[in-house]
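Only one structure is covered here, and it is reproduced in the block below.
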Amino acid sequence: MKKTLTLLLMLLVGYCRAQNADSVTIRKIYNEALSNGQSYEWLRHLTKQIGPRLSGSTGAQKAVDWTKQLMEQQGFDRVFLQDVMVPHWVRGAKEEAYIRNGKQKTTVPIAALGGSVATGPKGVEAGVVEVKSFTELRALGADKVKGKIVFFNRPMDPTKINTFEAYGGAVEQRANGATEAAKLGAIGAIVRSMTNVHDDNPHTGSMRYGTGVPLIPTAAISTNGADLLSKSLSENPNLTFYFKQNSETLPDAKSYNVVGEIRGSEKPDEIIVVGGHLDSWDLSEGAHDDGSGCVQSIEVLRILKSLGIKPKRTIRAVMFMNEENGLRGGVQYADLAKKNNEKHIAAVESDNGGFTPRGFGIVGTPDQRAKAIAWKPLLAPYGLTEIGPGGGGADIGPLATLGTVLFGFKPDTQRYFDYHHTAVDRFEAVSQRELELGAASMAALVYLLDQHGL
């Protein structure tokens, strides 16, 4: 009995010492990020000097070149590119739209949805059918929809505390609205922007066409514009809506994932990924979505290197290409990992904006989640209290088939959809301190993953 108690005491002392060592290192990580952080100035360059980075664009290629050079300058052990063919959709000239109510024409802000066809040089004008759901649309039938423009006007649910949950409850209108409308003979589709903010900024985003269905033009309308259109329809159901857009899908273009790594000192064949997506929508500088995630990921490696931490496992920062309108970078990365027989034990993604850190969502087995949740006492002093089951991230999602445990960085969600996919997603919308806290949070998690595995 005495030997058993002695052994338990020794194990407890060892555990406490390990916890204390981890606590000290995590404090150093935060000190480095908050005192000497580079992520904010890197984000300034990415947004202000390069700007919009939609897949296939000149901006996307400039971002590839710059992030590769940046990681080389940091002295990482290896920096390389992964070829990936990406969609190349272009918006063309700025869209035009107005409500014609009798003799009055009222201009409203719209933005073509990514992947949409053009209206043609004369634009499209027709009567409008307003619906809140696909069920409501189908109940109207072809007789009431044919030849009309369908207006999808279901807002994000403002009662949802997690705004990503509200987004998920409304976004299928954007993704599939044109297809559902076209099935009933509509000639166009207009979708309420995915935000709870009432303003004049249309929120673009990707859409897709179903097989065997006519390709009709579709655009997002600002929330103020949607409210005005809905009110006008209630007063005059016979009004018409006009919109013109000049978008075009070009042949696929060659692009790249950009990868930088610090090689592991003990288990170099075990890889931990930290990343974000380098592409952004063409309307914006892509500061929160996802310039923040990219610079935070590079900062993770810089912090470890700056502190002289020699990781046991190989740590990779990956700038994924084409998350916004295809996810081909994430798929290609996972395909190459499988082809090269690489062992990815964990992947961390930041793609929810550069806001105040709250925690991490985990995708893995119950035992793997339990081990990560056990680190909560080390992370909670830094505001990371929301650690548990949740989403990992779109780009790292394909790695799940390889048995990789996925971690999605969770900042505060309340302001994300104020900026998401709009022209106001600019550098000025990002707080330096919040961005640096996020980078430190990710570095702390990567450190624990490297030291203890899963």
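The values are calculated or read from the model by the stated rules, or taken from the named source; none is laboratory data. Because the structure is a prediction, the values reported are computed rather than measured. All Cβ positions, glycine included, derive from the backbone under ideal geometry; neighbour counts span all protein chains shown. With ligands, DNA and RNA removed, areas are computed over all heavy atoms of the protein, side chains included. Shrake-Rupley method; radii C 1.70, N 1.55, O 1.52, S 1.80 Å.
Examine segment 425-441 for a residue that is part of a loop (DSSP other than H, G, I, E, B), modelled with pLDDT of 95 or more and surrounded by fewer than 19 Cβ atoms within 10 Å (Cβ to Cβ), and state whether such a residue exists. Yes, segment 425-441 has at least one match. State whether the residues of segment 327-345 include one that is at pLDDT 95 or above, outside any helix (DSSP H, G or I) and closer than 23 Å to residue 386 by Cβ. Yes, segment 327-345 contains at least one residue that is at pLDDT 95 or above, outside any helix (DSSP H, G or I) and closer than 23 Å to residue 386 by Cβ.
Taking (1) part of a loop (DSSP other than H, G, I, E, B); (2) in contact with a Lys or Arg (Cβ under 9 Å, 6 or more places away or on another chain); (3) not β-branched (Val, Ile, Thr) in turn, residue 308 satisfies each apart from (2).
Matching residues to (1) within 19 Å of the chain's Cα centre (by Cα); (2) at pLDDT below 95; (3) over 29 Å from residue 61 (Cβ atoms); (4) assigned to a strand (DSSP E or B):
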site: 234; (1), (2), (3), (4): no, no, yes, no
site: 241; (1), (2), (3), (4): no, no, yes, yes
site: 258; (1), (2), (3), (4): yes, no, no, yes
site: 268; (1), (2), (3), (4): no, no, yes, yes
site: 273; (1), (2), (3), (4): yes, no, no, yes
site: 281; (1), (2), (3), (4): yes, no, no, no
site: 288; (1), (2), (3), (4): yes, no, no, no
site: 296; (1), (2), (3), (4): yes, no, no, no
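All of (1) within 18 Å of residue 22 (Cβ to Cβ); (2) among the β-branched types (Val, Ile, Thr); (3) open to solvent by 50 Å² or more (accessible area, probe 1.4 Å) hold for residue 365 with one exception: (1).
Residues in segment 299-315 that are touching a residue at least 40 places away in the same chain (Cβ under 8 Å), open to solvent by 10 Å² or more (accessible area, probe 1.4 Å) and not β-branched (Val, Ile, Thr): 302, 305, 306, 307, 310, 312, 313.
Looking only at residues in segment 198-248 that are of a type in the set (Val, Ile, Thr) and more than 19 Å from residue 95 (Cβ to Cβ), the one that is surrounded by the most Cβ atoms within 10 Å (Cβ to Cβ) is 213. Screening segment 316-326 for residues that are of a type outside the set (A, V, I, L, M) and in a loop (DSSP other than H, G, I, E, B) and picking the one that is least open to solvent (accessible area, probe 1.4 Å) gives 322. Considered as a group, the residues in segment 156-195 that are among the acidic types (Asp, Glu) and out of contact with any helix residue (DSSP H, G or I) (no Cβ under 7 Å at 6 or more places or on another chain) include one that is farthest from residue 208 (Cα to Cα), and that residue is 165. Could you tell me which residue of segment 395-412 is least open to solvent (accessible area, probe 1.4 Å), considering only residues that are over 24 Å from residue 354 (Cα atoms) and outside any helix (DSSP H, G or I)? It comes out as 404.
Pairing each residue of segment 430-449 that is within 21 Å of residue 284 (Cβ to Cβ) with any residue that is assigned to a helix (DSSP H, G or I) and open to solvent by 10 Å² or more (accessible area, probe 1.4 Å), provided the two are 6+ apart or on different chains, yields C-beta distances under 7 Å for 432/40; 435/40.
Check whether at least one residue in segment 349-359 is open to solvent by 70 Å² or more (accessible area, probe 1.4 Å), farther than 24 Å from residue 294 by Cβ and free of Cβ contacts under 8 Å to residues at least 60 places away in the same chain, and report yes or no. No, the conditions are met nowhere in segment 349-359.
Results for (1) assigned to a strand (DSSP E or B); (2) among the aliphatic types (A, V, I, L, M), shown as yes or no for each residue.
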residue	(1), (2)
87	yes, no
97	yes, yes
100	yes, no
118	no, yes
121	no, no
125	yes, no
128	yes, yes
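Among the residues of segment 329-347, some residue qualifies, meaning at least one is open to solvent by less than 40 Å² (accessible area, probe 1.4 Å) and β-branched (Val, Ile, Thr). Just one of the listed residues (68, 62) is open to solvent by 20 Å² or more (accessible area, probe 1.4 Å), in a helix (DSSP H, G or I) and either among the aliphatic types (A, V, I, L, M) or closer than 17 Å to residue 281 by Cβ (or both), and it is 62. With a requirement of 1 or more residues that are within 20 Å of residue 238 (Cα to Cα) and open to solvent by 10 Å² or more (accessible area, probe 1.4 Å), the helices (runs of 4 or more DSSP H) lying completely within segment 142-185 that satisfy it span 142-145. Restricting the search to segment 413-424, which residues are surrounded by 21 or more Cβ atoms within 10 Å (Cβ to Cβ) and either of a type in the set (Phe, Trp, Tyr) or assigned to a helix (DSSP H, G or I) (or both)? Scanning segment 413-424 gives 417, 419. Just one of (1) under 30 Å from residue 252 (Cβ atoms); (2) crowded, with 22+ Cβ neighbours inside 10 Å; (3) of a type outside the set (D, E, K, R) fails for residue 33. It is (1).
Considering only segment 85-106, I want to know if a residue exists there that is open to solvent by 40 Å² or more (accessible area, probe 1.4 Å), within 30 Å of residue 411 (Cβ to Cβ) and modelled with pLDDT of 95 or more. Looking for residues that are open to solvent by 40 Å² or more (accessible area, probe 1.4 Å), within 30 Å of residue 411 (Cβ to Cβ) and modelled with pLDDT of 95 or more, one finds none in segment 85-106, hence no.
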